[in-house]
Amino acid sequence: MKSLTKSILTGCALTLALSLVGCGMDARYGGSKHRTRLNEQETREELARIQQHFTLDESLDAEEEGAIAYDFWRMRSFRFTTNHQSLTMLGAYYNLYGKTAEPEGIEHYLRTRLHYLVGSSAKPGADPRTVASNLSVPLWIQSITSAEDPLKPSSVRLGDRTFVPKTARDYGVVLLGRYYSEKDDGIFRISTLLHEARHSDCPNGLSVEQIKALKDTGEEDEIDEALEKAISGCGFGHPICPAGHELAGRRACDTGDGWGSYSVEIPLYSHIAKSCEDCTEEEIQQGIAGFAEASGRVLKINELLNGQLGHPELQHRGVTE
């Protein structure tokens, strides 16, 4: 296990959190009757395999490691067919995760966006209702705004990895909340990882001019609306849920444009609910409930399901001139 710089993690204020405040997720699923953990030997073997591609921070405790091991094992073992899926769901799944007959594509999606999994003990006192937070965009913005030339940021060292943060994906840091391992539901946890991975994507990047404006903005100053929109679009930040929504006034929704963090959960939930050959009945019900929950967060859900929003936006950019 490697240790990340905790001062960076705990000091970063702009986390993109998947929070359970008011969304009813805790009541969404009951206790699981099927296996949601591997045995001790299987867990050790799976963690060793995971560490070939991800850094597991020493802040992860045994419960968190056990949950992670099971989740990665389960996402590789799904047996999906193309039956009962709309063309929109089939196309979105293929674009995001590859062929349905090759479930390892789900992990590949994570590998391109996440590099570090950090335990809840790295941030004591965090809201216990938070499942996970992606720190990649805040850390990237911090690095390019502190660089003399944002097109040439300085190299960064996290754990045993040294890199030049040209994009937010280069960081790929996810901080797990206590609720992640407490949730005895592998389907929910897998969708959480997909959700958080999407927060590493920045389709349009940030221009040098926008970065300069951000550097010139003091802590007490209001951020220009256009600049705020650009920053929010980088990382698929959650827009404020509108009046009449269950979470009205909170940053807990997803427009659907470009397929944000809740949108990318939907194709997986759809396949679990309708086209999974090896899912238990409980997992199928979790897929149905998860599909409804994620859809309820997407403001343009009808347009998304009808194919009017096109394929998921997978372009990813850094600093633009």
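The values are calculated or read from the model by the stated rules, or taken from the named source; none is laboratory data. All values derive from a computational prediction rather than experimental measurement. Using ideal geometry, Cβ is built from the backbone for each residue, glycine included, and neighbour counts are taken over all protein chains shown.
List every residue pair whose Cβ atoms sit under 9 Å apart, with the two residues 6 or more apart in sequence or on different chains, where the first one lies in the range 42-62 and is touching a residue at least 60 places away in the same chain (Cβ under 8 Å) and assigned to a helix (DSSP H, G or I) and the second, anywhere, is crowded, with 20+ Cβ neighbours inside 10 Å and of a type outside the set (A, V, I, L, M).
The qualifying pairs do not exist here.
From Val137, Val131, grab the single residue that is of a type in the set (Val, Ile, Thr) and not in a helix (DSSP H, G or I).
From the options Val137, Val131, the qualifying one is Val131.
Please specify each residue of the range 158-199 satisfying the condition of being among the acidic types (Asp, Glu) and surrounded by fewer than 22 Cβ atoms within 10 Å (Cβ to Cβ).
Scanning the range 158-199 gives Asp160, Asp170, Glu182, Asp184.
What number of residues within the range 213-232 satisfy the criterion of being at pLDDT 85 or above and out of contact with any helix residue (DSSP H, G or I) (no Cβ under 9 Å at 6 or more places or on another chain)?
Residues in the range 213-232 being at pLDDT 85 or above and out of contact with any helix residue (DSSP H, G or I) (no Cβ under 9 Å at 6 or more places or on another chain): 0 in total.
If Thr162 satisfies every condition in (1) more than 30 Å from Arg297 (Cβ to Cβ); (2) part of a loop (DSSP other than H, G, I, E, B) but one, which is the exception?
(2)
Tell me whether the range 238-254 contains one or more residues that are assigned to a helix (DSSP H, G or I), surrounded by fewer than 21 Cβ atoms within 10 Å (Cβ to Cβ) and of a type outside the set (Lys, Arg).
Looking for residues that are assigned to a helix (DSSP H, G or I), surrounded by fewer than 21 Cβ atoms within 10 Å (Cβ to Cβ) and of a type outside the set (Lys, Arg), one finds none in the range 238-254, hence no.
I'm told Thr88 meets every condition in (1) out of contact with any Ser or Thr (no Cβ under 9 Å at 6 or more places or on another chain); (2) surrounded by fewer than 20 Cβ atoms within 10 Å (Cβ to Cβ); (3) modelled with pLDDT under 90 except one. Can you identify the failing condition by its number?
All conditions pass for Thr88, except number (3).
If you check Ser121 against the conditions, is it over 29 Å from Asp216 (Cα atoms) and either in a helix (DSSP H, G or I) or charged (D, E, K, R) (or both)?
For Ser121, the condition - over 29 Å from Asp216 (Cα atoms) and either in a helix (DSSP H, G or I) or charged (D, E, K, R) (or both) - is met.
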